[in-house]
Every structure is written in structure tokens, then in C-alpha cells.
1. Kindly express, to the nearest 10 degrees and within the range 0 to 90, the angle between helix 2-12's C-alpha long axis and the longest C-alpha principal axis of the chain.
2. Accessible area of SER193, 1.4 Å probe, to the nearest 10 Å²?
3. What distance in nm separates the simple spin-label points at SER46 and GLU14, each placed 7 Å from Cα in the Cβ direction?
4. Please give the calculated 222 nm ellipticity per residue for the chain, where each DSSP H segment of at least 4 residues contributes -39500 (n - 2.57) and the sum is spread over every residue; nearest 500 deg cm²/dmol?
5. Is there a quick way to get the dipole size of the range 90-158? I mean about its Cα centre, with the Cβ of Lys and Arg at +1 and of Asp and Glu at -1; what is the value in debye to the nearest 20?
6. Hey, what angle do you get for helix 72-87 against the long axis of the chain, alpha-carbon based, 0 to 90 degrees rounded to 10?
7. Roughly how tilted is helix 58-68, in degrees to the nearest 10 and between 0 and 90, from the longest Cα axis of the chain?
8. Determine, at each q value in 0.10, 0.14, 0.21 (inverse angstroms), the log₁₀ of I(q)/I(0) that the Debye formula gives when each Cα of the range 1-150 is one equal point scatterer.
Amino acid sequence: MVEQLQRLVVRFGESVQKPVRFRPATWRPRLVSHGAAHVLDIGVESASGPGGDRLIERGDLARLRDYAGDDADGLRDLFVAVMIWGSGTTNGRGPRYTEAALSDPRLSRVLRTTRDAVRGGDLSGAYRQFALEGVGRSFFTKWFAAVDDREATCDRALILDDRVLRSLNALGWSSWKAAGTRHWATRYATYVSSMHGWAASLGVPPDWLEWLLFHLNGRVDET
């Protein structure tokens with residue numbers, strides 16, 4: 001696996017993750033009634049494309065995380081920002097799913113308990129505890145990655161969405177075989193530890209390697 005990843009790192013080593021474009025006008029009707037429309041001011045205004053579009057990047061999520069602290073509204077705002085970042089302009093269901101999660105009475109408890117589990121290093125526990133309307137693995141692992149503020153020496157949470165999984169499968173890596181179980185919570189924790197091990201061997205940041213697999217979306221053999 002490391003040898004295959006090494007070839008990709010050599011080929012794409014200069015590539016970087018670009019900011020994600022989003023359209024505040026699409027999101028605003030879904031957020032106003034929940035008192036979260038102010039999150040749409042995050043990032044910067046886009047210099048191209050339709051007027052009013054904005055750009056959000058991972059660094060914006062980290063700054064919002066640090067600002068949120070333990071405040072319930074702050075955690076809600078960070079969750080909304082994560083959903084915006086994860087949806088961009090390509091996932092038209094993102095605003096609707098976010099509204100469904102904001103309407104879920106479990107929201108505050110789930111955000112706080114899973115954040116605490118992630119920061120405590122219990123990634124499989126966080127996975128088992130996350131349950132909100134409209135939010136599946138592709139997005140709640142983005143939440144895990146956003147709230148994890150532990151030292152870089154830890155196996156910090158990473159995103160495991162369908163694109164990343166597609167690339168891993170194309171490289172011949174199976175999460176259930178690596179974990180020795182079909183249970184997704186354990187498979188997720190195994191994925192994170194495996195990615196950190198590979199990244200260390202390759203001398204690249206784990207979140208960059210995660211992004212590369214996302215970027216390739218299974219097309220690991222294309223030149």
C-alpha cells in the first residue's frame with residue numbers, strides 16, 4: 001500500500017486543496033429560523049462566478065472551532081460551517097440535510113458528546129454516538145476532523161467519505177479486512193490509524209493524504 005501511495009505522492013505532491021465555493025442565498029432560508037444565518041459570513045467573497053458566492057476553507061473551520069469553545073451555539077455554528085464546506089455548490093441536498101439536523105432535538109447533545117469523544121481519542125466511540133437526521137458518515141467524519149484540536153502527534157480524526165473510500169478500494173485496501181470486522185465504528189478508527197501510519201512513512205501530513213484520495217475519487221491509475 002505504501003508503495004502505491006508513494007507513486008501518487010510523487011505525482012501529485014505539489015497539489016493543494018482549494019477553497020470551496022458556496023452560495024449563501026441557497027443556505028439562508030434553511031438557517032434563519034435556527035438562528036444560524038450569520039455563519040454565512042464565514043470565509044471570503046468569491047472574486048469570480050455568480051455574485052454573492054463565498055469561499056470557505058479548512059482554516060476557516062479551525063478558527064471557528066477555536067472561537068466556539070464549549071458554547072452550545074458555537075458548536076452548532078461550527079457544525080453548520082462544516083456542512084457548508086462539505087457541500088459547496090455541488091451537493092444540492094446539503095442545505096436541506098443541514099436543516100433536518102438543526103431541527104433534531106438531539107443536536108446539542110450529539111455535537112458535544114462526539115466532540116468530547118474525538119478529543120479523548122475515542123474515534124470509534126464518536127462514530128457509534130453520532131446520530132442526527134440527514135447526516136451520514138461522509139459528513140459526520142468531517143465534523144470529527146473539524147473538532148479535533150489535539151496535537152499533531154496524535155492520530156487525529158480524518159474524513160472518510162465515499163470519494164476517499166473509492167480511492168482506497170481502488171488501491172486494493174479494504175477497511176473491513178484491515179479492521180477484521182464489518183462494524184463501521186471500528187473500521188473508521190482503523191482507517192484513521194492506517195492513514196497516519198502511511199503518512200508518516202511518506203513524510204506528508206495525514207490530512208493532505210486524505211485530501212489527495214478525495215481528489216482522485218478512485219482514479220488512482222490515471223496519469
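The values are calculated or read from the model by the stated rules, or taken from the named source; none is laboratory data. This is a predicted model, so every value here is computed, not measured. Cβ atoms come from the backbone with ideal geometry, glycine included; neighbour counts cover every protein chain shown. Note: areas computed on protein heavy atoms with side chains; ligands, DNA, RNA excluded. Shrake-Rupley method; radii C 1.70, N 1.55, O 1.52, S 1.80 Å.
1. That helix lies at roughly 60 degrees to the long axis.
2. Rounded to the nearest 10, the figure is 50 Å².
3. 2.6
4. Details: 12 runs with 130 residues, N = 223.
So the helix-based figure for the chain works out to -17500 deg cm²/dmol.
5. Charge dipole of the range 90-158: 160 debye, to the nearest 20.
6. Roughly 60 degrees between the two axes.
7. Around 50 degrees separate the two axes.
8. Rounded to two decimals, the profile gives -0.37, -0.70, -1.32.
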